[in-house]
1. Using the basic label-point model (7 angstrom from Cα toward the beta carbon), what is the A107 to A95 distance in nanometres?
2. Under a point spin-label approximation (7 Å from Cα along Cα-to-Cβ), what is the R21-R33 distance to one decimal in nm?
3. Which of the peptides 43-51, 29-37, 11-19 is most tightly packed, and how do the rest follow, going by the mean number of other Cβ atoms within 10 Å of each residue?
4. With a 10 Å Cβ neighbour count serving as the proxy for reagent exposure, in which order, fewest first, do W38, W22 appear?
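Any read-out appearing in this document is the output of simple, stated calculations on the displayed coordinates, not a laboratory observation. Here the structure is a predicted model, which means the values were calculated and not measured. Neighbour counts run over all protein chains shown; Cβ positions are idealised from the backbone, glycine included.
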Amino acid sequence: MTWSTAEAAEQVGVSKQTLLRWLADERLPEVARDWRNWRVWSAADIDRARGVRDAIHGAPAITVVPDSTGEAAEAPHKPVGQREYAEDVARLDDARAFRLKREAADAGGQRRNYG
């Protein structure tokens, strides 16, 4: 069985862009491609990507929780990338503040260069 890059990213717990960046940075070896020249990820490729994820972010903690039958089962780990998410939110907040400042100046008839 093979997976697309987006499906592989979901399996690994990272974004599609992260997998593509790891390929470009040669943290992962290039994966096979299909007749359309799209990447197809095998189970071994996904395991290698999980290894890279664990090396970068640390292995996810495994939490044991009872399932519906009362037996112990592994809880799924949270996707990695909280730091990247926080950085993106900060950039969005900066952009939003800049836009509001520009709109206020435009509404007051002031045209200034904020760049």
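1. Result for the modelled spin labels: 2.1 nm.
2. Roughly 2.3 nm, to one decimal.
3. Peptide ranking by packing, descending: 11-19, 43-51, 29-37.
4. W38, W22
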